[in-house]
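Below you'll find the structure, written out as structure tokens, and then a few comments.
Derivation of every value follows stated rules applied to the coordinates shown; laboratory data play no part. Bear in mind that the values here come from a model prediction, so they are computed numbers and not experimental data. Note that we place each Cβ from the backbone using ideal geometry, even for glycine, and neighbour counts take in every protein chain shown.
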Amino acid sequence: MFARRVEAQTSATASHATPGVLGFDARVYPGDSALTAWKFPVSPYRWIGYYLAAPCHPDSSFVGKYSSLVANGWGVAAIYVGEQDWVNSPSTRPATAPTDSTKKSSRPPTDSTKKSARPLTCSQPLVTKAQGSTDAVDAIAKMRADGFPRGTTIFLDVERVNTVSPALVDYYRAWLTGVLNDGHYKPGVYATKLNAPALHDVQIRAANGRSYAPAFWIASAGVIDSTSRPTGVGLDYARIWQSSFDVTQTLNGVSLRIDVNVATKRNPGAP
């Protein structure tokens with residue numbers, strides 16, 4: 001994701017017997033031709049992170065690409081970058097600010113972007129229970145519009161904070177509970193290794209009272225290769241491990257700037 005303040009370097013403790021599946025994510029859609037050029041086995045990557053248009057990631061370049069990605073043989077992990085607690089973040093970002101993806105992208109706004117993006121809402125004061133519920137509805141609508149099948153996991157992006165505040169817990173719980181109780185999709189979480197334990201301890205309960213354990217996508221510096229597994233990050237509940245942040249790789253004559261990931265399966269978000 002776009003925050004790169006990850007914790008100290010760790011080493012993978014991968015098992016050669018049961019390796020994970022490599023994938024990557026990029027802030028904007030790489031393009032159909034690039035993804036065709038990078039198809040496995042030309043590249044080692046079998047799946048891609050899929051950014052839904054969201055409060056702190058208003059870019060809509062992935063919109064409408066789900067079916068073509070699947071048809072082209074790519075697995076997909078959907079990401080929703082909700083409201084962030086920038087005041088409690090180690091970054092220098094002000095309480096209300098455009099996202100890094102907006103600032104770093106050289107892509108000019110398109111007519112479709114202008115029409116589909118909500119007004120700028122990436123603001124720390126919106127880290128509330130009410131907004132969490134609202135954003136859950138928004139994420140579900142975006143997934144349905146793009147044709148994601150029932151039971152797919154949506155990963156809520158929670159960027160690094162110094163401490164997980166009560167307000168962030170309220171937002172986080174409301175978002176996950178909203179997705180869970182809607183019943184069409186499953187809620188998951190993207191978080192840094194520093195914050196993941198606190199988020200993992202938050203009790204999420206469905207409407208029927210049963211507790212729910214979301215899938216975790218963990219960001220932490222380290223070495224990922226074809227023998228790695230997500231649990232190599234050092235957390236036994238990790239379903240995806242993200243590392244090697246903002247690296248440029250050239251494969252089959254096509255260069256992309258990516259984050260490298262390893263997942264437990266080829267299609268990490270699939271039912």
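Applying a 10 Å radius around every beta-carbon, put 133-141, 249-257, 195-203 in order of their mean neighbour count, most first.
With the highest mean Cβ count within 10 Å placed first, the list reads 133-141, 195-203, 249-257.
Stick to Cα atoms and the Kirkwood definition of Rh, then tell me Rg/Rh for the range 113-218.
Checking Rg against Rh, the ratio lands at 0.95.
Per residue of the range 236-250, what does 6.51 cos²θ - 1.76 cosθ + 1.60 with θ = phi - 60° give for ³J(HN,Hα)? Whole Hz please, x for Gly and Pro, Karplus curve as stated.
6, 9, 6, 9, 9, 10, 10, 8, 6, 7, 6, 9, 9, 10, 10
Can you tell me the relative contact order of the range 132-240? Whole percent, Cα pairs under 8 Å, sequence separation 6 or more.
Across the range 132-240, relative contact order equals 26 percent.
Ranking request for peptides 159-172, 28-41: highest mean number of other beta-carbon atoms within 10 Å first, then the rest in descending order.
159-172, 28-41
Starting from the Cα gyration tensor of the range 21-263, take the square roots of the eigenvalues, sort them a ≥ b ≥ c, and report rounded, prolate or oblate (rounded when a/c is under 1.5, otherwise prolate if a/b is larger than b/c, else oblate).
Since a/c stays below 1.5, the shape of the range 21-263 is classed as rounded.
Past the 28 Å Cα-Cα mark, which pairs from K142/K265; K39/K193; K65/K193; K65/K129?
Violating the 28 Å Cα-Cα cut-off are K39/K193; K65/K193; K65/K129.
Ranked from highest to lowest mean number of other Cβ atoms within 10 Å per residue, what is the order of the peptides 55-66, 227-238?
Averaged packing, sorted descending, gives the order 55-66, 227-238.
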